[in-house]
1. Looking only at the range B:306-341, filter to residues that are modelled with pLDDT of 95 or more and part of a loop (DSSP other than H, G, I, E, B); which one of those is farthest from ligand 1 (Cβ to nearest atom)?
2. What about residue B:54, is it within 16 Å of ligand 2 (Cβ to nearest atom) and either crowded, with 24+ Cβ neighbours inside 10 Å or closer than 30 Å to residue B:190 by Cβ (or both)?
3. Just checking, how many residues over the range A:3-23 are surrounded by fewer than 22 Cβ atoms within 10 Å (Cβ to Cβ) and either without any contact (Cβ under 8 Å) to a residue 60 or more places away in the chain or at the interface with another protein chain (Cβ under 8 Å from one of its Cβ atoms) (or both)?
4. State yes or no: is residue A:141 within 15 Å of the chain's Cα centre (by Cα), away from every other protein chain (no Cβ under 14 Å) and away from ligand 4 (no atom under 16 Å from the Cβ)?
5. Looking at the range A:219-252, which of its residues are within 13 Å of ligand 2 (Cβ to nearest atom), assigned to a loop (DSSP other than H, G, I, E, B) and in contact (Cβ under 8 Å) with a residue 60 or more places away in the chain?
6. Cβ-Cβ below 9 Å, separation at least six or inter-chain, first residue in the range A:261-289 and without any contact (Cβ under 8 Å) to a residue 60 or more places away in the chain, second assigned to a strand (DSSP E or B) and of a type in the set (Val, Ile, Thr): which pairs?
7. Can you pull out the residues in the range A:334-369 that are in contact with a helix residue (DSSP H, G or I) (Cβ under 8 Å, 6 or more places away or on another chain) and among the basic types (Lys, Arg)?
8. Only one of (1) crowded, with 20+ Cβ neighbours inside 10 Å; (2) within 14 Å of ligand 4 (Cβ to nearest atom); (3) within 11 Å of chain A (Cβ to nearest Cβ); (4) within 13 Å of the chain's Cα centre (by Cα) is not met by residue C:28, so which one is it?
Amino acid sequence: MKRIYFDHSATTPVHPEVVATMMEYLTDKFGNPSSVHSFGRETRKAVDEARAKVADLIGAEPNEIFFTSGGTESDNLALKGIAYANRKKGNHIITSAIEHHAILHTCEYLANQGFQITYLPVDQYGMVSVDDVRNAITDQTILISIMFANNEVGTIQPIREIGKLAREKKIFFHTDATQAVGHYPINVKEDNIDLLTMAGHKFNAPKGVGALYARRGVRLESLQQGGAHERNMRAGTENVPGIVAIGKAAEIAKRDMNEQIAHLQGLRDKLISQVLATIPHTQLNGHPTQRMPGSVNFSFHFIEGESLLLNLDLKGIAASSGSACTSGSLDPSHVLLAMGLTHEVAHGSLRITMGLGNTEEEVDYLLEVLPEIVARLRSMSPLYGA
Amino acid sequence: MKRIYFDHSATTPVHPEVVATMMEYLTDKFGNPSSVHSFGRETRKAVDEARAKVADLIGAEPNEIFFTSGGTESDNLALKGIAYANRKKGNHIITSAIEHHAILHTCEYLANQGFQITYLPVDQYGMVSVDDVRNAITDQTILISIMFANNEVGTIQPIREIGKLAREKKIFFHTDATQAVGHYPINVKEDNIDLLTMAGHKFNAPKGVGALYARRGVRLESLQQGGAHERNMRAGTENVPGIVAIGKAAEIAKRDMNEQIAHLQGLRDKLISQVLATIPHTQLNGHPTQRMPGSVNFSFHFIEGESLLLNLDLKGIAASSGSACTSGSLDPSHVLLAMGLTHEVAHGSLRITMGLGNTEEEVDYLLEVLPEIVARLRSMSPLYGA
Amino acid sequence: MYTDKVMDHFTNPRNVGEIKQADGVGEVGNAKCGDIMRIYLQVENNIITDVKFKTFGCGAAIATSSMVTEMVKGKTIEEALEISNQAVAEALDGLPPAKMHCSNLAADALHEAIRDYHEKHK
Ligand SMILES: Cc1ncc(COP(=O)(O)O)c(C=O)c1O
Ligand SMILES: Cc1ncc(COP(=O)(O)O)c(C=O)c1O
Ligand code: FES
Ligand code: FES
């Protein structure tokens, strides 16, 4: 059976050009960049070039990019790194209720260390309000961390305005841009961003590599002790193939971005309009227009997400859900609940995230099988027609 | 020019079978192991299989293996993880003066947090004494961390005896086995090891993946907050290609170990005896017999390591040195100094570490060019013949 | 993740539906945790002659509901009361550990339906 991948927010396939580029660094060019001999010099050069490409994608300088093992590590480094380095200035951090667990659980950890955390609410579309940020600021506030685009519903936050406010108030501003980097235009200077998280595997580089952008002059405490790698910000032998790969992925993302956005927005808008038109008792979750180009999230009332996913999987379609039952946790998605959805409606959510390689034929196939599956599950549901 | 790689302690080439195995996970099988659909299920299975292979290499159980981004992260997790989880039991940690910076700098960090650190000395061969360990233990001691084999001089420590002592005293025992795993027989049960660090790139897996073994029942505090990955010990999307690779490398290492050890010991012993016989004013650093199969370290008196390395590099030979000048620091190798070498002699050190792919012809070529280079540098040295 | 038996009952659930004039109806679970199961019984001479279910829930929830209806049909009330959640899970060749608690409620729904039958036929 041909399989269709509609779960690009979970992870993405590695771009074939990225695989081709990194291969050399999995074979001949295997030196440790810290070595002075030729094997080391050639990988040092490759790491430097990749750093420049990653910087270029987001309008940063190369020495503002620090390579890490992924989005979670970058989030931890940004939050704890700023918190520990600025303890004397204040102990208050502002974030939102819809952040990824890499932010929320790090905030809980910091709360245990004596930091005060404000979790801002969102509106029904999953949007943070700039006024709420302004009102939350105290003279103890050292950091604001608001995600660029939400991983579940795709809502894009008013980053530039929050960044402007933060800069006026001389508060560091971090954005977890794991879902946006490579898929949406970002310029850290114009967007007033001090720190930014990215993960390679979310934009067609492999898993195991990420980066943190930290504006020149932003002082962070390093979390991992050892050698002097990454200008003392992140000890450990550099993941050269991964770094080369994220560099190449950044280059490709920049090159293809406009075309990709147009393509994915077309698919997205077709999917949204057709599903809402053909399947009753269905709602779109997330913002109607301020949303990631390839991201769709529906709730089909009266049914549960995991059984929907299993049925799609049997038809060869990979998607995801905010249902608690898919994650083994007890509560459904904290994002959907924060947007005011009831538990039932949150349980019935379906996330379709499109990206590299997805075609209109694939969307048409989904549109063909989805109504039947929803109807069948509804016919089994004690909530439907009751 | 044909290049010869004699720096396997810095990093190793990826085994061709490992590259072949991981390729599938850089292309078709790219799912996130946390996803419930078929793309996720196939990578979850691959991660599980890799875990079993890594466990098998060191005689552990699969659920005692936690994947990380490398040796430095595993060292940090072991030391801080145990220290934070056992704060109430005591605040004393015993390690040695010749550990890698990933241990030493982590210990310094912990010292700043109020932990007491004892750095045990070593003898002229770079060996820690079990009696010194015994004498250092206090009722506050919560952790002993002694490396399995030293990365600069190759000396293998009395791990089993230290482990036995630690177990008698009910103190956790960690060993940084980054240099030994895959190259030397290790059995965590017989060797009385509670925690063990390994890094993929030191045994023919790629950079960017490592593991920490933690014996069942050993409680650690996790250092990175986020999702529930690695049974809540290490948040962040799993580096699937890297994990598959370290699994395959572990399988190959186990399969080929005896043959490799015999081959490398042959090369090592030939190199040592010929160099000592043909180049005057030369000493072998490290233990004469208790040393890693592929590891050699000489000091050539009256000359400086970096100029030696550059000359070898011009002849196509990649090696390394404990000279300060190769690392950009001011002091030469802390390991050589701890073994009682003078600064001058430490500066003149040359590390040749052999591994996968090295041949007797390559050793012969080194034996051919080395005497000339040493003679030429000595002829330029104001210390020589003075 | 799921056994073949679970997938079989999930893809071809047995006895889905309602019984209009049921002798007993039982409902357990709540939408908060994602599982609601309702079971309808028809009883003649102390024997369960027909049984139907409706379930809102994950694959495990649907499969356990389907399985319990198969297990109970033709049994006496006393025999039906013997069926446990554990027995349902075993009949499906097991469930993933995370699913053992929240989705494995089908026997509870059955017992609720029997209780309702007793209430109505006191
Ligand atoms: C918004 C967001 N932040 C952080 C992460 C964590 O990234 P990773 O799993 O690569 O560590 C993810 C993805 O899982 C994400 O979507
Ligand atoms: C003994 C030892 N421990 C720790 C490390 C750190 O490993 P990594 O650089 O992979 O983080 C190394 C190698 O650099 C090492 O040789
Ligand atoms: S001899 Fe030049 S830096 Fe040390
Ligand atoms: S419906 Fe939630 S675990 Fe089954």
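The values are calculated or read from the model by the stated rules, or taken from the named source; none is laboratory data. From a predicted model like this one, the values you see are computed outputs, not experimental measurements. Cβ sites come from the backbone with ideal geometry, for glycine too, and all protein chains shown count toward neighbours.
1. Within the range B:306-341, the match that is farthest from ligand 1 (Cβ to nearest atom) is B:340.
2. On the way: within 16 Å of ligand 2 (Cβ to nearest atom): yes; either crowded, with 24+ Cβ neighbours inside 10 Å or closer than 30 Å to residue B:190 by Cβ (or both): yes.
Taking the combined requirement at face value, the residue satisfies it.
3. Of the residues in the range A:3-23, 5 are surrounded by fewer than 22 Cβ atoms within 10 Å (Cβ to Cβ) and either without any contact (Cβ under 8 Å) to a residue 60 or more places away in the chain or at the interface with another protein chain (Cβ under 8 Å from one of its Cβ atoms) (or both).
4. Details: within 15 Å of the chain's Cα centre (by Cα): no; away from every other protein chain (no Cβ under 14 Å): yes; away from ligand 4 (no atom under 16 Å from the Cβ): yes.
No: the conditions fail for residue A:141.
5. Across the range A:219-252, the qualifying residues are A:227, A:234, A:237, A:238, A:239.
6. A:272/A:296; A:276/A:282; A:284/A:296
7. Listed by number, the list is empty, since nothing qualifies.
8. (1)
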